[in-house]
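To start, the structure under review is shown below, and the notes come after it.
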Amino acid sequence: MNDLAQGGEPRLGLVGYQSRWLRTKVKSLVTAKIDIVRELGEEALLLPALLGDALAANDRLKLRLTLLQEAAAHSRHPGEAVHSFEPECRAAGLIDVPFETLIAGTRVLSPERILVPGAKILVDGVGRDLATMLAPLKAAKVAICDALDRRFAALTPAMPKAEHDELAPRDIDAMTSARRDGADSVHLLIMDAHKAINQLASEMAVETIDGARVHHVNDQDRARIKAFMAGLNRTSVLAFGHPGLGTTAVHSGARLTIQNDIGTTDAHVLVVHVEDKVASVTYTDVHRQRAKFFISLFEGQGVTWTPLDEKSAHGVGDEDVFYLVVGRFDAADEAALQRFLSFLGSRIVFLIDWNKARKALQIFVGKGASVELLTFAATNDYGHRAFLELGGADLVFEAIRRTAEGRIPYGARLDETLGAMETNDFLRRVLRQTSEGLSACRSTRLIRDEIQADLSQLFDTAESAVLTVLMRHLGITRMLASLLVEGLAADGASGSDHSRLAQKAKRMEEKADRLTVQAREICARVQHADTLRQCVDAVENATDTLDECAFLLGLMPKGSGASGAKLGELAELVVDGVSHLVRAVEAVARLPEGHRADATDSLQAIDAVMAVEKSADAAERDAISAFMGVASTDARALVLGLDVARGLEGATDYLAHAALALRDRVLEELSA
């Protein structure tokens, strides 16, 4: 027999009738009880239940507006992927909403009208949920309630009817606007009512649990609230006096609701619903990047999050939209649930002034790196509020002015000067030093001095990095010069042997070129690095000249005799010159440590390089004389020998230029 009666109503058996009658009877009894209490003029007795209902209504209202915004966005961009919002709707109790078609089925009817499946359900519920939010304020006779009620009465006639699920996009914009300097809106009324509800909940709390104001909770609720507050109180000191973190909790129906106001922003709210072993986290934020940051804090915690749709703000100004995301944690047991609640509570302080800290940090490292720094600070329980308390960006600018003024090219960002990795490490230390310093009640002057000393050392390190690269370069240059000495010492060596020498020399020269590029990049980031750059260029020229000498030797006919020996003596002088220059660079690298003996050592080594250059002049003449004194029918030996002699002597000239540039650097350091 067909289960549907004529007219489409399902036929019920006896059990079905009894079940429906029981639900209706219970509902009527609850309604009657509320009516009786109101008749007696004791509505304040209903406050705990009304507050719980008001918080739930606030969740539904924010979701209603979000769904309407998403539908409007999809009508403008129908080709983009959509999210059904089913988990969010079920968590908020909007089970009558057509999840699958509400956004995906939205289409344009005309330039001024769109069809949104389920729009009437959403819009009709706005008035009911607003009335539910105002109910506890009326019951408690809150002073602001009359003004909110008047605004509600004024907004009600202007709300769209959504007949046949049709809406005008401008009506959605009007409802969801959050501009304080414009016309009143449903969104503004929701935020103001929510703020008043939070204040009332705090004032009318039945008891306080570790700082949380709570209403009619049971023993299991108390244990869970204590776990949440243990985490919150552990890190709340990192707010360093900033207002916020007020927590209220209420048991309504079958679930515990914990709410934290985070900071002072209207749309920045965290609501936690705990039912059985499931914790549902509803988070709203006006900054999408901060919402993504909040989600990232729970990596590895077993939380599943609804998508944070990037398209939720299409066609709406940044101030007109808030982002909503819901996370779900299914606990294996009560202990796991309480551990999660404690961890959740401990993360909230890192949201306060997050966007302000991000903007301050990105001045020095860029957007992506600034978020990574804030993630590091939260993960290590340092936070960023101490950094802001001590001045934020101005704290770093002061350190630059005191320790690095004139060492940073005008307009250059700090990471462009010191390098991305070095700057990131420095700012990590700043976040740690400020947090640990203020937590330990150390003087702000001492903390600033430590940061300035750290930055000063970093700039010294950047300059010493050039010298370190230069040392590696000189090591290759010395090997190349030694290779020439060995090749020239093998009297009568074959041309093929010299050819292999030239190939080895070319590989060394290419490696040295890469070091030159690295040194020049560091010099470009350091102000007043002219002398270092000159030294780098001179050493590169010396290396290139030695490579050229090796190439020419590869062309040399065998059997150069005494003339080849004279070239060997000249090459040995080049090795000596490089060795003295290495000692000079080592001594200069130690100058920032303040040892006067290092200055003396460097100047003595520089003087030795200059002496080698003079000796090379004489050795070059000896080599030329030797070539001219040997009778040969092969002009190649004479031409190539003369060019190699001039090249080797030229290499000592370049080494002398490098030494003189290094001498200028030493004198700059001594006069500083």
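The values are calculated or read from the model by the stated rules, or taken from the named source; none is laboratory data. Owing to the predicted nature of the structure, the values given are computational and were not obtained by experimental measurement. Cβ sites come from the backbone with ideal geometry, for glycine too, and all protein chains shown count toward neighbours.
When each of Arg222, Arg180 is tested for being surrounded by fewer than 20 Cβ atoms within 10 Å (Cβ to Cβ) and modelled with pLDDT under 90, the lone residue that passes is Arg180. The residues listed here are Ala635, Ala619; of these, the one that is under 14 Å from Leu488 (Cβ atoms) and not polar (S, T, N, Q) is Ala619. If Ala227 passes every condition in (1) at pLDDT 85 or above; (2) among the small types (Gly, Ala, Ser); (3) closer than 21 Å to Asp59 by Cα but one, which one does it miss? In the conditions (1) at pLDDT 85 or above; (2) among the small types (Gly, Ala, Ser); (3) closer than 21 Å to Asp59 by Cα, Ala227 misses (3) alone.
Among the residues of segment 162-187, write down those that are touching a residue at least 24 places away in the same chain (Cβ under 8 Å) and under 35 Å from the mean Cα position of the chain (by Cα). If the condition is that a residue be touching a residue at least 24 places away in the same chain (Cβ under 8 Å) and under 35 Å from the mean Cα position of the chain (by Cα), then Ile172, Asp173, Met175, Thr176, Ser177, Ala178, Arg179, Ser185, Val186, His187 are the ones that fit. Identify, please: which residue in segment 231-255 is at pLDDT 90 or above and crowded, with 21+ Cβ neighbours inside 10 Å and is, among those, farthest from Asn198 (Cα to Cα)? Only one residue fits best here, namely Leu238.
The condition of being over 20 Å from Thr306 (Cβ atoms), in contact with a strand residue (DSSP E or B) (Cβ under 6 Å, 6 or more places away or on another chain) and not hydroxyl-bearing (Ser, Thr, Tyr) holds for only one of Pro160, Pro111, Pro78, Pro136, that being Pro160. Between Arg520, Arg514, Arg525, the distinction of being closer than 22 Å to Val585 by Cα, modelled with pLDDT under 80 and basic (Lys, Arg) belongs to Arg525 only. If you filter segment 309-335 down to residues that are part of a strand (DSSP E or B) and surrounded by 18 or more Cβ atoms within 10 Å (Cβ to Cβ), you find that the one that is modelled with the lowest pLDDT is Tyr323. Residues of segment 87-104 include none that is of a type in the set (Ser, Thr, Tyr) and surrounded by 20 or more Cβ atoms within 10 Å (Cβ to Cβ). Checking each residue in segment 607-649 for being surrounded by fewer than 18 Cβ atoms within 10 Å (Cβ to Cβ) and touching a Gly at 6+ places or on another chain (Cβ under 7 Å) picks out only Val630. Checking each residue of segment 207-219 against the condition of being in contact with an Asp or Glu (Cβ under 6 Å, 6 or more places away or on another chain), crowded, with 19+ Cβ neighbours inside 10 Å and closer than 29 Å to Tyr323 by Cβ gives at least one match. Looking at segment 443-472, which of its residues are modelled with pLDDT of 85 or more, under 24 Å from Leu431 (Cβ atoms) and of a type outside the set (A, V, I, L, M, F, W, C)? The answer is Ser443, Thr444, Arg445, Arg448, Asp449, Glu450, Gln452. Looking only at segment 329-346, residues that are closer than 17 Å to Asn260 by Cα and out of contact with any helix residue (DSSP H, G or I) (no Cβ under 7 Å at 6 or more places or on another chain) come to 1 in all.
Please report, ordered by residue number, the strands (runs of 3 or more DSSP E) entirely within segment 240-308 with at least 2 residues that are out of contact with any strand residue (DSSP E or B) (no Cβ under 6 Å at 6 or more places or on another chain). Because the criterion is at least 2 residues that are out of contact with any strand residue (DSSP E or B) (no Cβ under 6 Å at 6 or more places or on another chain), the strands (runs of 3 or more DSSP E) in segment 240-308 that meet it are 247-252.
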